[in-house]
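Quick note: the coordinates plus some simple rules give every number you see, no bench work behind them. Please read all numbers here as calculations on a predicted model, not as lab measurements. Because the Cβ atoms are built from the backbone with ideal geometry, glycine has one as well, and the counts that use them run over all protein chains shown.
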Amino acid sequence: MIAVIPKSPNSQKVAQAVDFLRKKGLEARSVPWNDQTLLVTQHNPASTDVNELKESGIAERIVLPSSKAQLASREFQNETSIVEVGEARFGAKKVVVVAGPCSVEGREQLLEVAHAVKRLGVTLLRGGAYKPRTSPYEFQGLGEAGLRLLAEAREETGLPVVTEVLEPERVGLVAKYADMLQIGARNVQNFALLRAVGRSRLPVLLKRGMMTTIDEWLQAAEYVLLEGNPNVVLCERGIRTFEKATRNTLDLAAVPVLRNTTHLPILVDPSHATGSRLLIAPMAKAAIAAGADGLMIETHPTPETALSDSQQQLDLREFASLMEELEAVAKAVGRGIL
Ligand code: PEP
Ligand code: MN
């Protein structure tokens, strides 16, 4: 259950509501939510038990969501959330394209990509400084030096940056440089990390885990929301199935499924979903047609020399021609990119 306590001054109302709920045997968690306070309980009481809270004017609204991802649900918020990161507005009419290299490898590489994607209408630059690699022998990222380069790219181009954070202890450091924090597929159920990025109050890009159901993914988002951070963007990046022809299996049906169940904006990452340069364009177009609010695409000046994910990064020319094709698809479904 979510009880919405209206704008401040509401401390008295919050205390009254907590007291009321406790008498009914319900422990409520208090969540700051924009300028309201939400009181959230684990289970839904019978509506007759809590109606009084609304009738007495203490709560503005009582919501009894049908799923455990209560704050993420459309029952709680019917209109799609708009998450703003600089000029990127996830969930608004325009499709947002997030692009950049898999890993930040050096100044020249990053600045070349940043300038190129900026010219093409990209509104958020991506790049990994801390890389979650399957093998400990593989390139692990430049660490803080990579974060500094991302900040430099932002200075030069005006593009905000999103980058992955791997550990709760490092959230403070990454938040000093980044405009949006990415939680990667491998960390989607790292609950301490989810709470930490929730507390950071920076917008969060939450990838789907390769083994998580849509429901588990939404419950992961709920950890961030429950810290009072409403700025969560979901990113479908493929799940693991028996199919070997692609790196992962892109679950495009997740887009309309999520659209019906959550107000959170939805991105699709065709790079990690397919693992193959040739498959990025068709899947990117299909994602927009399926209703995605945006895309995350890896691009590199020379993909063949990339230190990570070299098979799934477009070169800058391929990326430019994809942007043109995407604009046409976005228009056809009543949206645009530029
Ligand atoms: C990434 O986007 O850099 C990444 C590692 O992706 P994923 O977490 O989806 O594997
Ligand atoms: Mn990658």
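How large is the convex hull of the Cα atoms of the chain per residue, expressed in Å³ as a whole number? If you can, show how the numbers build up before the last one.
Working: hull volume 46.2 nm³, N = 338.
Expressed per residue, the convex hull around the Cα atoms of the chain is 137 Å³.
What is the magnitude of the charge dipole of the chain about its Cα centre, with +1 placed on the Cβ of each Lys and Arg, -1 on the Cβ of each Asp and Glu, and no other charges, expressed in debye to the nearest 20?
520
Rg and Dmax of the stretch 2-63 over Cα atoms: what are they, in angstrom?
Rg, Dmax (Cα atoms, Å): 10.3, 28.
Looking only at V98, V18, V188, which one moves most when the chain is put into a Gaussian network model with springs between Cα atoms under 10 Å?
Residue with maximal mean-square fluctuation among V98, V18, V188: V18.
For the chain, modelled as a Gaussian network with Cα springs under 10 Å, which listed residue fluctuates most, A221, A328, A245?
A245
Between their Cα atoms, which of K93/K118; K207/K285; K94/K131; K131/K285; K94/K207; K7/K54 are more than 24 Å away from each other?
K94/K131; K131/K285
Mind sorting L38, L252 by how few other Cβ atoms lie within 10 Å of their own Cβ, fewest first? It would help to have the intermediate numbers written out before the result.
Working: L38 25, L252 20.
By the 10 Å Cβ count, ascending, the order reads L252, L38.
Please name which of N190, S276, V162 has its Cα lying farthest along the dipole of the stretch 83-332 towards the positive end, using unit charges on Cβ (Lys, Arg +1; Asp, Glu -1) and the Cα centre as origin.
N190
How compact and how long is the stretch 277-338, expressed as Rg and Dmax of its alpha-carbon atoms in Å?
Considering the stretch 277-338 through its Cα atoms, Rg and Dmax are 12.2, 38 Å.
GNM on the chain, C-alpha springs below 10 Å: top fluctuator among A46, A273, A99?
Of the options given, A46 has the highest mean-square fluctuation.
Using just the helices of the chain, give the 222 nm mean residue ellipticity in deg cm²/dmol: DSSP H runs with n ≥ 4 each add -39,500 (n - 2.57), and the total is spread over all residues, rounded to 500.
-11000 deg cm²/dmol
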